[in-house]
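Below is one structure, written out as structure tokens, with a few remarks after it.
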Amino acid sequence: MAHANARTTVYARKLIVARVRAGHRPGEVAKQLGISRQTVHKWVRRWRSEGEAGLADRSSRPHRMPGTTSPETVARIVAA
């Protein structure tokens, strides 16, 4: 199942890569699929660096959250 906010599916991402590898320009592929050139470049770049695994859905959760409450503060709040 596709990520809830994903504009493309894994099948569409494979299609993007296949078309670019076949010699189509990224702008043409984007227009054919109704997505942006940046999206085409993103999926091709992920495929080149990670292979098929790079086309899988990912979590949209941030990798880090600098404004997160410290564990010590959370412990004091819970204790109160």
In order through region 52-66: 3J(HN,Hα) via Karplus (6.51 cos²θ - 1.76 cosθ + 1.60), integer Hz, x for Gly, Pro = 4, 4, x, 8, 6, 5, 10, 5, 8, 5, x, 5, 8, 9, x
Once phi is turned into θ = phi - 60°, what whole-Hz ³J(HN,Hα) does the Karplus curve with 6.51, -1.76 and 1.60 give for every residue of region 33-49, x standing for Gly and Pro?
-> 9, x, 10, 8, 4, 4, 5, 4, 4, 4, 6, 5, 4, 5, 5, 5, 8
Determine the share of the chain's accessible area contributed by carbon and sulfur atoms, expressed in whole percent, with a 1.4 angstrom probe.
-> 54 percent
If you take the beta carbon distance between Tyr11 and Gln38 as r and set R0 to 22 Å, what does 1/(1 + (r/R0)^6) give as a FRET efficiency, to the nearest 0.05?
-> 0.65
Please give, to one decimal in nm, the separation of the simple spin-label points placed at Arg61 and Ala18, each 7 Å out from Cα toward the Cβ.
-> 3.3 nm
Per residue, how much accessible area does region 1-58 show when a 1.4 Å probe rolls over the protein heavy atoms, in square angstrom?
-> 70 Å²
On each of the three principal axes the extent of the alpha-carbon atoms of the chain, given in whole Å and largest first, is 63, 23, 22
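Calculate for the chain the 222 nm mean residue ellipticity that helices alone would give, adding -39,500 (n - 2.57) per DSSP H run of length 4 or more and normalising by residue count, nearest 500 deg cm²/dmol. Write down the numbers at each step before the final one.
Working: 4 runs with 43 residues, N = 80.
Counting only the DSSP helices, I get -16000 deg cm²/dmol.
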Under Karplus coefficients 6.51, -1.76 and 1.60, residue-wise ³J(HN,Hα) of region 67-74 in Hz, glycine/proline x | x, 5, 5, 5, x, 5, 5, 4
For the chain, with +1 on Lys and Arg beta carbons and -1 on Asp and Glu, the positive-most of Tyr11, Ala80, Gly27 along the dipole = Gly27
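The values are calculated or read from the model by the stated rules, or taken from the named source; none is laboratory data. Just so it is clear, the model here is predicted, and its values are computed rather than measured. Here Cβ is always computed from backbone atoms with ideal geometry, including for glycine, and neighbour counts include all displayed protein chains. The accessibility values were calculated without ligands, DNA or RNA, using every heavy atom of the protein model including side chains. Shrake-Rupley method; radii C 1.70, N 1.55, O 1.52, S 1.80 Å.
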